[in-house]
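Comments concern the structure below.
We did not get these values from a lab; they are worked out from the coordinates using the rules stated. For clarity, every value in this text was computed on a predicted model and none was experimentally measured. Positions of Cβ are backbone-derived with ideal geometry, glycine not excepted, and every protein chain shown enters the neighbour counts.
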């Protein structure tokens, strides 16, 4: 399964904003963006005038990297969003938000989406009681996501039971039992990152 394996902090520096790809490190003084807020590369510090296409491209790249998907998969999500009723940009974000790896992260069972993806690939979670290892699985309202019984004794998941997790209103979490429920489908206002999805629509509409 294809995935980005390069330096995560380089992606934040390239986009000029925190994408929270490394969990708590992004909130600490070790954050690469706080220490060196220029784009990577020899000419990263040079000031560049951003044209319309550049703004659209950067917004697409930011969204893609925030959710940890590659180009082909992102385009497939866009095509699916365009076929649905409603606003294409909003549909796209809500599809990405319903990915299993994002839900695992939102429930507080992983330090980052990258970490969540790895845990799902290693089959540490169940959905409605069935073991899954597909990070891109799209959850539905009423689905129950839980750490599988055999994994709950690990130190990593034991530490999570002591955390005070704040989850979005479309999710419900039972930290003591390491499980969560998709109480409803997410709405646009439930996404707290500052996306401008219209720029992505304009880019793909060219």
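Look at the alpha carbon pairs under 8 Å that are at least 6 residues apart: their mean separation over the length of region 99-185 gives a relative contact order of 29 percent.
Protection proxy ranking of 131-141, 111-121, by the mean of other Cβ atoms within 10 Å over each peptide's residues and highest first, is 111-121, 131-141.
Peptide packing for 82-92, 63-73, 49-59 was compared via the average number of neighbouring C-beta atoms within 10 Å per residue; ordered from the highest value, the list is 63-73, 82-92, 49-59.
At a Förster distance of 41 Å, what's the computed FRET efficiency of residue 206 paired with residue 141, Cβ-Cβ distance as r, to 0.05? Don't jump to the answer; show the numbers that get you there.
Details: r = 35 Å, r/R0 = 0.84.
The pair residue 206/residue 141 has a calculated efficiency of 0.75.
If we sort 184-195, 152-163 on the protection proxy, mean other Cβ atoms within 10 Å, highest first, what's the order? Before the final figure, lay out each step's value.
Values: 184-195: 13.7, 152-163: 11.8.
Packing proxy ranking, top to bottom: 184-195, 152-163.
Rounded, prolate or oblate: which fits region 99-185 when a ≥ b ≥ c are the square roots of the eigenvalues of the alpha-carbon gyration tensor, with rounded for a/c under 1.5 and prolate only if a/b beats b/c? Rounded is the answer for region 99-185, as its axis ratio a/c remains below 1.5. Here the spin labels are modelled as points 7 Å beyond Cα on the Cα-Cβ line, and at residue 85 and residue 150 they lie 4.4 nm apart.
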